[in-house]
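Have a look at the structure below, then the notes.
Rule-based calculations on the coordinates, nothing more; no lab input. Keep in mind it's a predicted model, so treat the numbers as computed, not measured. For neighbour counting, all protein chains shown are included, and Cβ atoms are generated from backbone atoms with ideal geometry for every residue, glycine included.
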Amino acid sequence: MTVEWRGKPVWIIHRTKEMIDGLRKTDDQVADPKSDRKQSEFQPPEGLDPETRALKPEYMVVVGICTHLGCSPSDKFKTGAESGVAADWQGGFLCPCHGSTFDLAGRVFKSKPAPDNLPIPPHVYLSESKILIGENKKGA
Ligand code: FES
């Protein structure tokens with residue numbers, strides 16, 4: 001699902017257990033596995049798990065704009081050679097503009113033009129099935 005926040009697309013993607021497990025396999029291939037670099041003008045929510053970059057691992061919430069020059073990456077959810085990306089591909093996103101690739105946590109792969117991971121917008125779960133984008137606290 002894509003929603004708009006501050007004029008930017010925010011992707012809310014349900015991740016399966018296989019998708020979440022695949023993130024461990026990309027840890028040594030991504031440029032900033034724990035999101036230590038300054039990555040955006042947004043303040044992501046506290047309590048974000050550094051590997052899944054999520055409050056709830058089964059839901060990925062990211063701004064769908066490449067951190068290189070602002071193109072919109074395409075989803076590449078198929079794994080392996082069938083993805084057309086790489087034989088060991090675990091699923092993720094490919095920016096068609098200059099070839100940056102991101103894993104299923106929005107972490108950019110090493111040696112790609114994009115300097116940073118896809119930003120995580122402020123958000124909070126109001127209930128099990130309701131997310132508020134743009135705030136980090138209920139009622140803030
Ligand atoms: S804009 Fe995405 S790789 Fe250049």
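Structure data summary
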{"item": "For region 2-133, size of Cβ-based charge dipole, Lys and Arg +1, Asp and Glu -1, in debye", "result": "220 debye"}
{"item": "Sequence-distant residues sharing a close amide H with Ser100 (under 5 Å, placed H)", "result": "Cys95, Ala114"}
{"item": "Phi-based couplings in Hz for region 8-14 (Karplus 6.51, -1.76, 1.60; Gly and Pro marked x)", "result": "10, x, 10, 8, 10, 10, 7"}
{"item": "Cross-link partners of Lys130 among lysines (Cα-Cα below 27 Å; sequence separation of 8 or more within a chain)", "result": "Lys8, Lys17, Lys34, Lys56, Lys76, Lys138"}
{"item": "Under 5 Å, built H, 5+ apart or other chain: amide partners of Val10", "result": "Val3, Glu4, Trp5, Gly64"}
{"item": "FRET efficiency estimate (nearest 0.05) - Cβ-Cβ, His98 to Lys25, R0 22 angstrom", "result": "0.35"}
{"item": "Rg/Rh for region 2-133, where both radii come from Cα atoms and Rh is the Kirkwood radius", "result": "0.93"}
{"item": "Leu132-Phe77 pseudo-label distance in nm [points 7 Å out on the Cα-to-Cβ vector]", "result": "2.9 nm"}
{"item": "Radius 15 Å from Cβ of Arg15, net charge of other residues (Lys, Arg +1; Asp, Glu -1)", "result": "+1"}
{"item": "Low-density loop positions, GluC sites (Glu not before Pro), region 34-82 - DSSP coil, at most 15 other Cβ in 10 Å", "result": "Glu41, Glu46, Glu58"}
{"item": "Between helix 17-26 and the chain: long-axis angle, C-alpha atoms, 0 to 90°, nearest 10", "result": "60 degrees"}
